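A.B. asks: I'd like to ask you about the structure that follows.
Since every read-out is calculated from the coordinates, none of them should be taken as a lab result. No experiment lies behind these values; they were computed from the predicted model shown. Here the Cβ positions follow ideal geometry from the backbone for every residue, glycine too, while neighbour counts run over all protein chains shown.
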Amino acid sequence: MSVLALDGGTPVRTRPFPPRRPFGEREVELAAQAIRSQNLFGPGGTMVPELEGRFAQLYGVEHAVASTSGTASIHVALGALNPEPGDEIITAPITDAGTIAPILFQNCIPVFADIDDSYNIAPRDVEAKITARTRAILAVHLFGNPCDLDALSDVARRHGIALIEDCCQAHLTDYKGRPCGSIGDIGCFSLQQSKHMTCGDGGLTITRDAAFAERMALFRDKGWVRKPGARGYVLLGLNYRMTELQAAVALAQLERVADVVRRRNELGDRLSERIRSAPGILPTPVTPGGRHTYWSYGLRCVGHDPARFAAALRAEGIPCGEGYTGKPIYLSMEALASRRTFGSSSHPLDGCHGGRRLDYVEGLCPRAEAILRQMLTLSIHEHLADDDVADMAAGICKVASGLSPGTGGR
């Protein structure tokens, strides 16, 4: 058995992994074109509407609305629903604050459903959390692995509530032959630097519903109906307008996002196959009927101490993160955990709109909490070579075989 590098042995990998290089000459060309137009203002330009049209076409829907970030794309979706203050939005415990902040800013109550083996919200627990105040399910396709959308769609339909898909980590992720984001009522996407397609920051929200689309477009532009004559602001919205410069870069990215996703899927699936027999390690799950697009690769360390495993893997030259977010969002986001939102208040969590007063405490989603304690993450991206993934797998297998069994984070 090879001696672990942590114990003085030779590391599996001694050279750095290649960095991701998302931008090329096409981005430079279109960005220069936008600048030479002497207009970077989205509502007066051509590139933002072109991006919206082409993105909608890519996903087979009728409408797309561009905005400034993935967070904004989710806020735009909730603005389209126009929930009542105190209404509840059921969502995932393993996510970014960008999923939760729009709920709070719409004066709604985040309700957390626990996860299943896919690391995504479990439809059975979602249904158990539905009340008369539930307005929507906000399903997060974590790491690029689709939720069980058949089951979630059925729950939403039977209870007469909306299904919003948070696809910020899941560009062109397939579920039973259909792209995630096009299956629920509304789909939300991020164009932040780390995403499958990026313009540094940006967002897109898609729907088939014309009424939703109209409200989405108004909401991201302060409710402004742009027509000749006196100004009219017909609803309360925000300035989430995308610029022509962002759209120029995003248009270039749109031309190759399918190739990016194909390569990530290929590399991620290959890594899973190579580590499937590693003792004490569970490869990242793939939802039945889904295609994982590996925004990140999350594996579970169930037969070893996760912190020691991560340290040993890094010593082998394999970059590795431990715990992903560390704790579920309801414990790591102070606005929830400490109930401090606006000023010194806990609004809207204080029940002032007739909504429930929920406690965001440890034990709320026990399975999510346990899995995060076991989780390790690796970076999978389209500029890795097959040999890079082979080294990742070799490092994982070496450490899994060489470490003494531990607690697995239980």
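A.B. asks: Compute the angle between helix 244-254 and the longest alpha-carbon principal axis of the chain, please, reported from 0 to 90 degrees and rounded to the nearest 10.
C.D. replies: So the helix axis and the longest Cα principal axis differ by about 50 degrees.
A.B. asks: So, with +1 on the Cβ of K and R and -1 on the Cβ of D and E, and no other charges, what is the size of the charge dipole of the stretch 286-410 about its Cα centre, to the nearest 20 debye? Write out the running numbers ahead of the final one.
C.D. replies: Details: 13 positive and 13 negative charges, 123 e Å.
For this selection, approximately 600 debye.
A.B. asks: Sticking with this one: Measure nothing fancy, just the Cα-based angle from helix 47-59's long axis to the longest principal axis of the chain, in degrees from 0 to 90, nearest 10.
C.D. replies: It is inclined by approximately 60 degrees.
A.B. asks: If you don't mind, there's one more thing I want to ask. How big is the gap, in Å, between the Cα center of the stretch 77-95 and the Cα center of the stretch 290-317?
C.D. replies: Each part's Cα centre sits 32 Å from the other's.
A.B. asks: Sticking with this structure for a sec: Of all the C-alpha pairs in the stretch 179-302, what % are more than 21 Å from each other?
C.D. replies: Across the stretch 179-302, Cα pairs with separations above 21 Å total 57 percent.
A.B. asks: Here is a follow-up. Mind checking the full-extension length gain between L235 and E29? Use 0.36 nm per residue of separation minus the Cα-Cα distance, one decimal, nm. Working shown, then result.
C.D. replies: Details: separation 206, 0.36 × 206 = 74.16 nm, distance 3.75 nm.
Stretched fully, the L235-E29 segment lengthens by 70.4 nm.
A.B. asks: Now for a different question. For the stretch 111-161, divide the Cα radius of gyration by the Kirkwood radius and give the resulting Rg/Rh value with two decimals. Before the final figure, lay out the partial values.
C.D. replies: Details: Rg = 10.4 Å, Rh = 11.1 Å.
Using only Cα positions, Rg/Rh for the stretch 111-161 is 0.94.
A.B. asks: Rounded to the nearest 500 deg cm²/dmol, what is the calculated helix-only ellipticity per residue at 222 nm for the chain, with -39500 (n - 2.57) per DSSP H run of length n ≥ 4? The partial results should precede the final answer.
C.D. replies: Numbers: 14 runs with 147 residues, N = 410.
Only helices count here, giving -10500 deg cm²/dmol.
A.B. asks: Given a Förster distance of 60 angstrom, what is the FRET efficiency for S37 paired with K129, based on the Cβ-Cβ distance and rounded to 0.05?
C.D. replies: So, using R0 = 60 Å, E works out to roughly 0.75.
A.B. asks: Now for a different question. Considering only DSSP beta bridges whose two residues both sit in the chain, what percent are antiparallel, to the nearest 5? Kindly include the intermediate steps, with their values, before the conclusion.
C.D. replies: Working: 25 of 41 bridges.
About 60 percent, rounded to the nearest 5.
A.B. asks: Looking at the stretch 25-256, what % of its DSSP beta bridges pair antiparallel, to the nearest 5? Can you show the working numbers first?
C.D. replies: Values: 15 of 31 bridges.
That works out to approximately 50 percent antiparallel.
A.B. asks: Rounded to whole Å and sorted largest first, what semi-axes of the equivalent ellipsoid does the C-alpha gyration tensor of the chain yield via the square root of 5 times each eigenvalue?
C.D. replies: On the way: eigenvalues 272, 152, 62 Å².
That gives 37, 28, 18 Å for the three semi-axes.
A.B. asks: Assign unit charges at the C-beta atoms only (+1 for Lys and Arg, -1 for Asp and Glu), then state the dipole size of the stretch 25-256 relative to its Cα centre in Debye, rounded to the nearest 20.
C.D. replies: Numbers: 21 positive and 28 negative charges, 162 e Å.
With only Lys, Arg, Asp and Glu charged at Cβ, the dipole is about 780 debye.
A.B. asks: Calculate I(q)/I(0) for the stretch 255-295 by the Debye formula, one identical point scatterer on each C-alpha and no solvent, and give its log10 at q = 0.29 Å⁻¹ to two decimals.
C.D. replies: So the normalised log intensities are -1.02.
A.B. asks: What do you get for the angle between helix 149-159 and the principal long axis of the chain? Use alpha-carbon atoms, 0 to 90 degrees, nearest ten.
C.D. replies: 40
A.B. asks: Report Rg (one decimal) and Dmax (nearest whole number) for the stretch 25-256, counting Cα atoms only, units Å.
C.D. replies: According to the Cα coordinates of the stretch 25-256, Rg and Dmax are 17.3, 56 Å.
A.B. asks: Please compute the modelled spin-label separation between S194 and E266, points set 7 Å along Cα→Cβ, answer in nm with one decimal.
C.D. replies: Calculated label separation equals 2.5 nm.
A.B. asks: Still on this structure: Beyond 22 Å, how much of the Cα-Cα pair distribution for the stretch 28-132 remains, as a whole percent?
C.D. replies: Roughly 51 percent, rounded to a whole number.
A.B. asks: Using Cα positions and a limit of under 29 Å, work out the lysines in reach of K398, with same-chain residues fewer than 8 apart set aside.
C.D. replies: Hits, sequence-local ones excluded: K327.
A.B. asks: Once each part is reduced to its C-alpha centroid, what is the distance from the stretch 321-383 to the stretch 1-38 in angstrom?
C.D. replies: What the calculation gives is 31 Å, centre to centre.
A.B. asks: May I pose another question? Using the Kirkwood radius over C-alpha pairs as Rh, can you work out the diffusion coefficient of the stretch 295-410 via Stokes-Einstein at 4 °C, viscosity 1.567 mPa s, in µm² per second? Walk me through the numbers before you get to the answer.
C.D. replies: Details: Rh = 16.5 Å.
Answer from the Stokes-Einstein relation: 79 µm²/s.
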